[in-house]
């Protein structure tokens, strides 16, 4: 936390008069930071300043929908959708209808923190071609979704609401595919007992506590609560979530339970711009179709 860092800096300051002004400034920063963090403690899980900064950077990187995102798609099957979060924030997204009627099932997708939902649509259309309706939403503060407040706590609450609506919408088989940051959101929004045919996690780190978040939000902790079948996908050339950063989840997937491990040895981080996603999409279809 920021205040902890400031305290450590205070301890390193000498006792000379030259440092006295700096010491007083640091004390003021510590006190003001403590007051602000305490005021926002219910809204921000990992640190108010860290979340505000990182979500500002990530949402800026994701950007707004572009014409190229929809190039070549069957527009008759693509629909703009939205859902109101429990605090009234409008969350916008997309529905890609299956080629089959009725569909084989429904798939909810949670993207990574640097992506707008529309960036994934052309690749996800391949899953719809295999017979599944696809839903994907922009996180709050991203693209065309509302922006108040933008925090991990709010995003987890959003997806508890989205998952509840997703599961209750029909009696079709339900699947959730969540990657990177989206997998962190999925694991923390799910209670573990939902009627989901399979949860597919792609490139998710073992922990978030190393970034200042409470241990109870670590994916490896939340993973123990999942009672539905779970597939863990790992990319051999992933430079974002490296192999040693998900080793505990890998061991869990290898040890059985209701888990399965899929290793994509020559793949990079999911939906890295400019990288073909055919292998990943084929693997995803196989996992959805598997018993």
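The values are calculated or read from the model by the stated rules, or taken from the named source; none is laboratory data. Computed from a predicted structure; not experimentally measured. All Cβ positions, glycine included, derive from the backbone under ideal geometry; neighbour counts span all protein chains shown.
In this structure, residue 268 does not qualify as assigned by TED's automatic domain parsing to the domain that holds residue 103, crowded, with 16+ Cβ neighbours inside 10 Å and without any contact (Cβ under 8 Å) to a residue 24 or more places away in the chain. A single entry from 126, 90 fulfils the requirement of being out of contact with any helix residue (DSSP H, G or I) (no Cβ under 6 Å at 6 or more places or on another chain) and surrounded by fewer than 24 Cβ atoms within 10 Å (Cβ to Cβ): 90.
Considering (1) at pLDDT 95 or above; (2) on the phi < 0 side of the Ramachandran plot, the lone condition that residue 254 does not fulfil carries the number (1). Considering 261, 225, the condition of being assigned to a strand (DSSP E or B), closer than 21 Å to residue 177 by Cβ and more than 17 Å from the chain's Cα centre (by Cα) is satisfied by 261 alone. Residues being out of contact with any helix residue (DSSP H, G or I) (no Cβ under 9 Å at 6 or more places or on another chain) and surrounded by fewer than 23 Cβ atoms within 10 Å (Cβ to Cβ) are entirely absent from segment 106-122. Any residue at all in segment 236-256 that is assigned by TED's automatic domain parsing to the domain that holds residue 155, touching a helix residue (DSSP H, G or I) at 6+ places or on another chain (Cβ under 6 Å) and closer than 20 Å to residue 291 by Cβ? No, there is no match, as no residue in segment 236-256 is assigned by TED's automatic domain parsing to the domain that holds residue 155, touching a helix residue (DSSP H, G or I) at 6+ places or on another chain (Cβ under 6 Å) and closer than 20 Å to residue 291 by Cβ. Elements of the type strands (runs of 3 or more DSSP E) sitting completely within segment 132-219 and holding at least 3 residues that are within 12 Å of the chain's Cα centre (by Cα) and either surrounded by 23 or more Cβ atoms within 10 Å (Cβ to Cβ) or modelled with pLDDT under 95 (or both): these cover 173-179. For residue 253, the conditions (1) surrounded by fewer than 17 Cβ atoms within 10 Å (Cβ to Cβ); (2) in a helix (DSSP H, G or I) all hold with the exception of (1).
Please go through segment 69-87 and pick out each residue that is surrounded by fewer than 14 Cβ atoms within 10 Å (Cβ to Cβ), touching a helix residue (DSSP H, G or I) at 6+ places or on another chain (Cβ under 9 Å) and in contact (Cβ under 8 Å) with a residue 40 or more places away in the chain. Answer for segment 69-87, where residues must be surrounded by fewer than 14 Cβ atoms within 10 Å (Cβ to Cβ), touching a helix residue (DSSP H, G or I) at 6+ places or on another chain (Cβ under 9 Å) and in contact (Cβ under 8 Å) with a residue 40 or more places away in the chain: 71, 72, 74, 86, 87.
The residue that is farthest from the chain's Cα centre (by Cα), counting only those in segment 273-291 that are outside any helix (DSSP H, G or I) and surrounded by fewer than 18 Cβ atoms within 10 Å (Cβ to Cβ), is 291.
Does residue 29 count as modelled with pLDDT under 90, more than 23 Å from residue 188 (Cβ to Cβ) and assigned to a helix (DSSP H, G or I)? Criteria met by residue 29.
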